[in-house]
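The values are calculated or read from the model by the stated rules, or taken from the named source; none is laboratory data. Source: prediction; values computed, not measured. Every residue, glycine among them, receives a Cβ derived from its backbone with ideal geometry; neighbour counts consider all protein chains shown.
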């Protein structure tokens, strides 16, 4: 699609330049103007040519419009495929796409994977309703994104589990994220109308020298979360 976009852009630029050249030639060349004025047949031909240029522009414009719409639809479909419909953040497909770029490669220094579970989701579904459970998932997702401060990748791994991927982590960065998360959860839980949010937190950091592949980060973080 990128090549097609480039080709269409070149096509449009060439068309515009050619049209400007034709117009400039007709307007500035007195011989052409005299010939057109004195030759009705030439005037008709010139009128037809300008008409063809206008129609060509119209079709190119429609082509660009349809292409832009198709590209937007493709992007929206890709987003839908990689977005969790409840949490409104990345789903497993989106997470796997992010992790895929690290598979089989040396893990970046200070790489970290955080696993967080909405530990009382089942209780919320049971005591309130499934709808309230979904609303809590959405609220928790927004809190995670807010705590990440656009510096981390946040996704819903499955069910009540969420993942945060940090490419440039440090113990201080992880601690700061935990503090932001705690503060925002405390603020939400002050509202008695909302189901209380309870969560568990665990992580795997590149300081753990035995970690060789990105999948080991996820496995270790999950293992540690299970032990909480």
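Quick one: is residue 88 under 30 Å from residue 172 (Cβ atoms), surrounded by fewer than 10 Cβ atoms within 10 Å (Cβ to Cβ) and either in contact with a strand residue (DSSP E or B) (Cβ under 6 Å, 6 or more places away or on another chain) or modelled with pLDDT of 80 or more (or both)? Here the answer is no, as residue 88 does not meet what is asked. From the set of residues in the stretch 37-85 that are closer than 25 Å to residue 143 by Cβ and in a helix (DSSP H, G or I), which is modelled with the highest pLDDT? Looking at residues that are closer than 25 Å to residue 143 by Cβ and in a helix (DSSP H, G or I), I get 82.
The residues in the stretch 199-211 that are modelled with pLDDT of 95 or more and either in a loop (DSSP other than H, G, I, E, B) or more than 22 Å from residue 227 (Cα to Cα) (or both) can be counted, and the count is 1. Of all residues in the stretch 135-158, those satisfying the criterion of being part of a loop (DSSP other than H, G, I, E, B) and under 22 Å from residue 93 (Cβ atoms) are 150, 152. The residue list 112, 123 contains one member that is in the same structural domain as residue 222 (by TED's automatic domain parsing) and surrounded by 14 or more Cβ atoms within 10 Å (Cβ to Cβ), which is 112. Screening residue 183 with (1) in contact with a strand residue (DSSP E or B) (Cβ under 8 Å, 6 or more places away or on another chain); (2) free of Cβ contacts under 8 Å to residues at least 60 places away in the same chain; (3) not in a loop (DSSP other than H, G, I, E, B) gives one miss only, at (1).
Scanning the stretch 172-193 for residues that are under 15 Å from residue 135 (Cα atoms) and surrounded by 14 or more Cβ atoms within 10 Å (Cβ to Cβ) gives 185, 188.
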